[in-house]
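**Q** Before we start, here is the structure in question, set down as structure tokens.
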Amino acid sequence: TLIKIIMGLIEPDSGVINIDNTNLSSIKKSWQKKIGYVPQNFSILDDTIHENIIFGGNNEDNHGEKIKKVIKDAYLEDFINTLPEKTRTIVGPDGKQISGGQAQRLAIARALHQDPKLIIFDEATNSLDEKTEEEIIKNIYELSKNKTIIIITHKKSLLRNCDKVFKIEDGKLTRIN
């Protein structure tokens, strides 16, 4: 619920949310364009890896540096290089042609391709093996130099490099570092 409020998808029951001293309700559309969201349950198009990454977004970069970078940051490079059609490979409905971890990394690449100012990872690495998760988290922390990252997780190990860590318990938000 808190993340949906921050994203401007639902209104708080009371009070207001301010972003840089501006009421979120007055800047909702422009605010939402600045957010990349990687949910725990995501959708994969019955289309190519490329189309799943750009997801109807700007295709002027095509296979240029931007898409190569998000593929690398999402730790998809080695997997894609094994495919005969590379990023033109069809992944099937709901990503049935690829593993759950590969689909999850595809969803992460999609969020990164938007080049958002805020990226929210909502249990976004739960289908990944430990080594892949570690590499992606390392890349995410590297991104945090220029972006705001919110990581929602039950794994404390993923939070070790966070500037601020909060816990929600019994309906209360508490800072724990």
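The values are calculated or read from the model by the stated rules, or taken from the named source; none is laboratory data. Computed from a prediction, not measured in an experiment: that's the story for all the values here. FYI the Cβ positions are ideal-geometry reconstructions off the backbone, even for glycines, and counts take in every protein chain you see. What goes into the accessible areas is simple: the full protein's heavy atoms, side chains included, and nothing from ligands, DNA or RNA. Shrake-Rupley method; radii C 1.70, N 1.55, O 1.52, S 1.80 Å.
**Q** Checking the structure you have, find out if any residue of the range 96-104 is in contact with a helix residue (DSSP H, G or I) (Cβ under 6 Å, 6 or more places away or on another chain) and at pLDDT 90 or above.
**A** no
**Q** Moving on to the next point. Taking only pairs six or more apart or across chains, which ones have beta-carbon atoms under 9 Å, a first residue in the range 33-47 that is farther than 24 Å from Lys147 by Cα, and a second residue that is open to solvent by 70 Å² or more (accessible area, probe 1.4 Å) and at pLDDT 85 or above?
**A** Asp46/Ile90; Asp47/Ile90
**Q** Got a sec? Which strands (runs of 3 or more DSSP E) wholly within the range 61-177 have at least 2 residues that are within 21 Å of Ile35 (Cα to Cα) and open to solvent by less than 20 Å² (accessible area, probe 1.4 Å)?
**A** 118-122
**Q** For the range 42-58, which positions are open to solvent by 80 Å² or more (accessible area, probe 1.4 Å) and under 19 Å from Leu76 (Cα atoms)?
**A** Residues satisfying the conditions are Asp46, Phe55.
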